[in-house]
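Below is one structure, written out as structure tokens, with a few remarks after it.
The values are calculated or read from the model by the stated rules, or taken from the named source; none is laboratory data. Small disclaimer: the values here were computed from a predicted structure and weren't measured. No Cβ is skipped: glycine too gets one built from the backbone with ideal geometry, and neighbour counts run over all protein chains shown.
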Amino acid sequence: MSEIKTIAVLTSGGDAPGMNAAVRAVVRSGIYHGLNVLGVRKGYEGLLHGDIEKMTLRSVGDIIHRGGTILQTARSKEFTTQAGLEKAMSMMKIFNIDALVVIGGDGSYRGARDLSELGANVIGIPGTIDNDIGCTEYTIGYDTAMNTVLDAIDKIRDTSYSHERCSVLEVMGRNAGWIAINCGIAGGAEAVILPEKNFDIDKDIIYPIIEGRNRGKKHYLVIVAEGVGGAVEIAEYIEKKTDIITRATILGYIQRGGCPTIKDRVIASQMGNYAVELLLAGKKNRIIAVHNGKMTDFEINEALSMEKSIDEELVRLSKILAL
Ligand code: ATP
């Protein structure tokens with residue numbers, strides 16, 4: 001029998017579309033199984049200040065389709081100090097929280113691990129558009145962000161074609177090129193510049209553009225990952241070298257918002273429910289992950305030590321198809 005009576009859920013780090021679906025699933029699955037469920041506002045910052053409310057079936061009504069996070073999120077400096085951590089632990093005792101479900105990225109798991117070392121029971125759910133968490137093949141928000149980028153690419157392509165221009169699009173992903181490589185393939189980019197790969201601007205960008213022009217291309221697209229940056233400078237360089245009018249677009253925070261896709265909603269719902277079922281099964285300090293296409297969970301320290309690298313087959317494919 002599980003001894004868990006009260007669980008709390010928070011969202012931490014950068015927001016991601018689908019976080020609400022995960023919060024909803026934790027709350028509804030928890031209540032379904034007879035647990036008392038609390039919501040912590042503004043991540044660890046709210047936890048250490050006791051910004052905590054009881055969640056009901058209704059408090060998560062009408063949110064499955066909304067981007068962002070109804071619980072809001074924050075980056076808390078105080079929480080990373082020993083005093084902040086102890087304050088958070090003491091709030092967990094005051095509110096009788098037997099387990100905490102943290103929806104966020106690696107930084108949030110490090111915070112959760114610190115809490116677990118003081119005796120808390122924590123479960124992590126991967127929520128970030130960047131898909132940059134080592135232990136999992138998929139993170140909540142990634143699919144929605146990629147669809148937002150693709151929609152932007154299709155729109156930019158219309159104007160780029162009409163004016164025979166080159167467009168350089170900088171997309172999010174922190175130090176990972178997952179959004180960039182997938183959107184480069186799906187959007188038909190001439191070149192995709194990734195933080196995981198060294199690049200030579202003349203060989204990797206200028207040459208395919210000139211080659212394309214000689215074959216009669218009417219527009220050109222270069223995707224630059226956030227971890228490389230410099231889209232404006234790259235655009236200036238392309239224009240100078242090729243005489244093709246080139247515009248840089250930095251998509252920015254638009255990629256973090258919007259209505260989550262069906263994939264994000266379903267995976268977030270599964271992960272939220274999985275978190276509750278792990279706790280009911282007496283599991284402690286686990287991170288939920290998609291591994292070899294299946295939902296699973298890893299011990300928190302093991303999860304934090306795992307690394308993943310960019311999919312070389314996707315990189316190869318993007319080069320073949322850019323010809
Ligand atoms: P994303 O990558 O989507 O922004 P994240 O969870 O990695 O998500 P962070 O800002 O790194 O985002 O972390 C969120 C919060 O977790 C921080 O504000 C901090 O309170 C806590 N945190 C981050 N790193 C650590 C750490 N090394 N030790 C303890 N707590 C941490």
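Filter segment 139-181 down to residues that are touching a residue at least 60 places away in the same chain (Cβ under 8 Å), hydroxyl-bearing (Ser, Thr, Tyr) and under 22 Å from residue 207 (Cβ atoms), then give me how many there are.
Residues in segment 139-181 being touching a residue at least 60 places away in the same chain (Cβ under 8 Å), hydroxyl-bearing (Ser, Thr, Tyr) and under 22 Å from residue 207 (Cβ atoms): 2 in total.
Give 281, 268 a once-over and let me know the one that is among the small types (Gly, Ala, Ser) and surrounded by 18 or more Cβ atoms within 10 Å (Cβ to Cβ).
Criteria check complete, one pass: 268.
Go through (1) over 16 Å from residue 9 (Cβ atoms); (2) modelled with pLDDT of 95 or more; (3) among the β-branched types (Val, Ile, Thr) and name the single condition residue 101 misses.
Checking residue 101 against (1) over 16 Å from residue 9 (Cβ atoms); (2) modelled with pLDDT of 95 or more; (3) among the β-branched types (Val, Ile, Thr), the one that fails is (1).
Has segment 39-58 got at least one residue that is at pLDDT below 95, within 16 Å of the ligand (Cβ to nearest atom) and basic (Lys, Arg)?
Looking through segment 39-58, none of the residues is at pLDDT below 95, within 16 Å of the ligand (Cβ to nearest atom) and basic (Lys, Arg).
Restricting attention to segment 72-102, which residues are assigned to a loop (DSSP other than H, G, I, E, B) and either within 12 Å of the ligand (Cβ to nearest atom) or surrounded by fewer than 20 Cβ atoms within 10 Å (Cβ to Cβ) (or both)?
Matches in segment 72-102: 72, 73, 74, 75, 76, 77, 81, 95, 96, 98.
Can we say residue 16 is within 16 Å of the ligand (Cβ to nearest atom), assigned to a loop (DSSP other than H, G, I, E, B), in contact (Cβ under 8 Å) with a residue 40 or more places away in the chain and surrounded by 16 or more Cβ atoms within 10 Å (Cβ to Cβ)?
Spelling it out, residue 16 is indeed within 16 Å of the ligand (Cβ to nearest atom), assigned to a loop (DSSP other than H, G, I, E, B), in contact (Cβ under 8 Å) with a residue 40 or more places away in the chain and surrounded by 16 or more Cβ atoms within 10 Å (Cβ to Cβ).
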